[in-house]
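What follows is a single structure, written as structure tokens, with notes after it.
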Amino acid sequence: MAGVAFKGVSKIFGKDVKAVNDLNLEVKDQEFMVLVGPSGCGKTTALRMIAGLEEASLGDIMIGEVRVNDVPPKDRDIAMVFQNYALYPHMNVYDNIAFGLRLRELKGFFWQLANASEAKRIKEDIDNRVKEAARMLDIEKYLTRRPKELSGGQRQRVALARAIVRKPKVFLMDEPLSNLDAKLRVQTRYELISLHRKLGITTVYVTHDQVEAMTMGQRMAIMKDGVLQQCDKPEEVYSHPANKFVAGFIGSPPMNFLDAVIKDGRVDAGAFSLPLPSGHPAIAMNGQRVTLGIRPEELFDKALPTNVPATPDNTLKAVVDVMEPLGHEYVAYLQVNGAKLVASIDKETKLRPGSEAEILINLDRIHIFDADTEQAVR
Ligand code: ATP
């Protein structure tokens, strides 16, 4: 097994499309790393460079201790799982899973004739590995079916089985769940995590879905316009986003952003002003423009029990515009002195559209971003 590293890697298409821009990222041995970002941010290109399907324009791509820039894809010891499963339609499930192994291990027909006993041993080994992978992914009963006789979820499992029988050093997965319906996606997400725990194979997983990234990644690397924005554990990225882009991309509903100014130890958003937590570095930015960020889940209905003590400084008077019921909570669209805020409010709330509300803010969890650089001030 092995880790993967990008060292100063760029990929330039044509004259000036910088799909990946000076990427430095280390995926540790046995780690599950998610590359996440909006469409076009360069995550697939980064993955394809590990696989050798795309050449790096600059920099080094390492698998383990080996620089693989010049190693052909078939010799990189990686297995890829794509969004479209790319199964062979004329082969049954067993043969689909075994195909790559047969190609690799059994070599040519004449070799098999000349080495009949060795070929028999390899065939038995392949048979064991196919059955073991099928058992792990719970598709043993479909081994004789063709892909067209399977559901989308079952096909995706065959694609996964085909990848794991190879026992590669590294798994590369490009949006492997996006063809599945919502329920199956959640289930397969869980299965992939369990599989990773069992096999411990270094995995690089690409998705545009921040929920997948948060729930699956041991660490996540967030990209924008080919540039790595932050790489850390999901809870760390959520609690301490490096910049406004990451703060807005991670979390649902997205973080509220308000233009504000630092004034005498407070952050003044016009519609309301909040004291900065003591020792906050933004206190030293007196007079400077900033962006105030407040996560919807750090706003509370004062009428309900919360752990956030109410003070005059953290209580806002709001009018409720819209309440969207999600079952376990409401997404409340609020107006505070003309400023719009979105809040995630517990399902027990009595607030309804048109209600006047008192809303508490958890002041310890507000975020301040430099208005020009958009970097977090912390
Ligand atoms: P998506 O989620 O939509 O697949 P992505 O984050 O994976 O997006 P990439 O597919 O890596 O993004 O593309 C990054 C950028 O490089 C995009 O601007 C894309 O248009 C460009 N690009 C990708 N492949 C090529 C190519 N073969 N030729 C020219 N430009 C390309």
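Just so you know, all these numbers are worked out from the coordinates, no wet-lab data involved. This structure is a prediction, so every number in the text was calculated from the model and none was measured. Note that we place each Cβ from the backbone using ideal geometry, even for glycine, and neighbour counts take in every protein chain shown.
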What base-10 log of the normalised intensity I(q)/I(0) is obtained for region 180-275 from the Debye formula, alpha carbons as equal point scatterers, at q = 0.14, 0.16, 0.24 Å⁻¹?
-0.66, -0.79, -1.28
Under a no-solvent Debye model with one identical scatterer per Cα of region 232-368, what's log10 I(q)/I(0) at q = 0.11, 0.14, 0.19, 0.21 Å⁻¹?
-0.39, -0.63, -1.16, -1.36
May I ask which residue of Gly14, Thr144, Ala213 lies farthest towards the positive end of the charge dipole of region 4-247, with charges of +1 (Lys, Arg) and -1 (Asp, Glu) on Cβ and the Cα centre as origin?
Thr144
So which GluC sites (Glu not before Pro) in region 42-113 are both in a DSSP loop and have at most 10 other Cβ atoms within 10 Å of their Cβ?
Glu65
Within the chain, what percent of beta bridges assigned by DSSP are antiparallel, to the nearest 5?
75
Computed log₁₀ I(q)/I(0) - Debye formula, equal Cα scatterers, no solvent, the chain, q 0.07, 0.14, 0.15 Å⁻¹:
-0.43, -1.16, -1.24
If the only charges are +1 at each Lys and Arg Cβ and -1 at each Asp and Glu Cβ, what is the size of the charge dipole of the chain around the Cα centre, to the nearest 20 debye?
1540
If you take the Cα Rg of region 249-313 and divide it by 2.2 N^0.38 Å, with N the number of residues, what do you get?
1.22
Before rounding to the nearest 500, sum -39500 (n - 2.57) across all DSSP H runs of length at least 4 in the chain and divide by the residue total; then give [θ] at 222 nm in deg cm²/dmol.
-7500 deg cm²/dmol
